[in-house]
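Structure first, commentary second.
Since every read-out is calculated from the coordinates, none of them should be taken as a lab result. The shown structure was predicted, so the numbers you read here are calculated from the model rather than taken from an experiment. Cβ coordinates were reconstructed from backbone atoms using ideal geometry, including for glycine residues, and neighbour counts include every protein chain displayed.
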Amino acid sequence: MSSLSRREFLRTALATGAVASVGGPLAGAARKAARAKPAGKPNIVFIFGDDWGLDNTGCYGSDRHKDRTPQIDALAAGGIRFERCYSTPLCGPTRCQINTGRYPFHTGGLTNQTAGQPLSKDEYPLARILTEAGYDTCHLGKWRQVGETPGDWGFGEYITDPTAGGWYWQKSYTKNGQLIETPEEIYYPDVCHEYALEFLRRHAASGSASGQPFYLYYASHFVHGPILRTPDSKPGETDPVALYNDNIAYLDKQVGSLVAELDKLGLRENTMIVFSTDNGTVGQPNSIGGRTINGVKGTMLEGGSRVPFLVNWKGVAPAGRVLKDLVDFSDLLPTFVEVAGAKLPASRKYDGRSFAPQIRGRKGTPREWIFVQLGSRWYVRDDGWKLNQAGELFDMKDSPFVEQLVPADTKDQAAVAARRRLQAVLDQLNPRGGKTISPEAEEAAKKRQKTAQQKQGQKQGKKQGKKKKAAQP
């Protein structure tokens, strides 16, 4: 166990180069050497937001936040913006799917209650594949719902925390398996960000890991609740709307800082930057172009799973391109593996399809459908229709704003053909024949989790009461 104050942490970080000013000087010789260095295997930086839907992102038409995401919007302007990318509608199963490349009914990572059940030894996760391909791998931020540790799942180094929610003003975090405690509060997103910058410097031309390709998985807690002040918030600010806006702006600021550091270190041209989020917005959805998006986090509507997805790779990904290709999160693993020049292990069956050709400006082989599952519910969706586990068919021509239920007895030829086509996909996937749980089992798991959380809250309340009593004169 290690203990250090915020001041000591920052002093140590400065001494080791872990804290950077985006506009700080870099020795001319080092900069020239970095830019002159021939590119090897491409680096991958995956920035992953939390509870952040299309309606929170300026480049997707957000009315509320159109001026709060300039750095994220710049990634879209300089790269590819995917219009139709689908996660699962909750944090845990989304992360499980990213790391395994497999659908929930194949892994058992179905809900927040079960996302930690799949074991790393039973999967062949993304970080392990990249490590075996010669990559340095680093995870920063939210992890807990996946289970075990990032190290177990193949990451060579990591910083994480013990919660599935937001971890902001705190006095502890975990670094490479060691609990770090601080007597004074630190702002955990800054700790992760400072480590990210230090990780990048190690891989610059003059760094200790010069020439080593890397995969940086930057899993931010923004904007998962609790929504608290940021270091940039006005002193004494308590308005929840203002604080939420501050949290949006703070992640955007960190994205800009990370991109600027890649530029400064001469790593940008050989680095694929990906920005996405785990699920839709929480609570009341925001409007896009004056229309309210349909659905939020936890729902099986477009607003629950349709998330922003941007790829910026200077000189490789066509700037300003907007793609309507269907993508789901099982596709990330095979795509990253192909970009890295590695191969998928033959010992596992992966569900995803690589879209690496599209990133390089080619047509590729886009999906004809995507699949989304959360617990005992699922749907398959193609270009214009959606069919769910209950046999309900939806006309999606006006999504993400409207999902029109089609009457079961419709005689419309296009709808009848769509039902037949999508049902054939579901029959082939056979989610019920996998590790899918029943609605009853899903509800029971939620109740157990709620009871456990209540007991934990009671224990914490008793501890705080004892501390207050002990502190009284």
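Quick notes on this one:
- Two-decimal Rg/Rh across the range 160-259, once Rg and the Kirkwood Rh are taken from alpha-carbon atoms: 1.01
- Neighbours of residue 224 by Cβ distance under 13 Å: Lys/Arg scored +1, Asp/Glu scored -1, total 0.
- Between residue 425 and residue 321, the simple label model (points 7 Å from Cα in the Cβ direction) yields a spacing of 2.2 nm.
- Span from the the range 107-148 Cα centroid across to the the range 354-416 one, whole angstrom: 28
- Projecting the Cα positions of 376, 188, 151 onto the charge dipole of the chain (unit charges on Cβ atoms of Lys, Arg, Asp and Glu, taken about the Cα centre) puts 151 furthest along the positive direction.
- Peptides 262-273, 436-447, 234-245 ranked from most to least packed give 262-273, 436-447, 234-245, packing being the mean of other C-beta atoms within 10 angstrom over each peptide's residues.
- Span from the the range 165-180 Cα centroid across to the the range 37-83 one, whole angstrom: 26
- The value given for the chain is a Kirkwood hydrodynamic radius of 23.2 Å, derived from the mean inverse Cα-Cα separation.
- Here the residues 138, 59, ranked from fewest to most Cβ neighbours within 10 Å of their Cβ, fall in the order 59, 138.
- Shape category assigned to the range 107-208 from the gyration tensor of Cα positions, a/c cut at 1.5: oblate
- Projected label points at residue 432 and residue 67, each 7 Å from Cα along the beta carbon direction, are separated by 5.4 nanometres.
- With R₀ fixed at 51 Å, the C-beta to C-beta distance from residue 228 to residue 411 puts the FRET efficiency at about 0.40.
- Between residue 181 and residue 157, residue separation times 0.36 nm minus the direct Cα-Cα distance comes to 6.8 nm.
- If the segment from residue 390 to residue 172 were pulled out straight at 0.36 nm per residue, it would be longer than the present Cα-Cα gap by 74.0 nm.
- At 0.890 mPa s and 25 °C, Stokes D of the range 377-433 from Kirkwood alpha-carbon radius, µm² per second: 213
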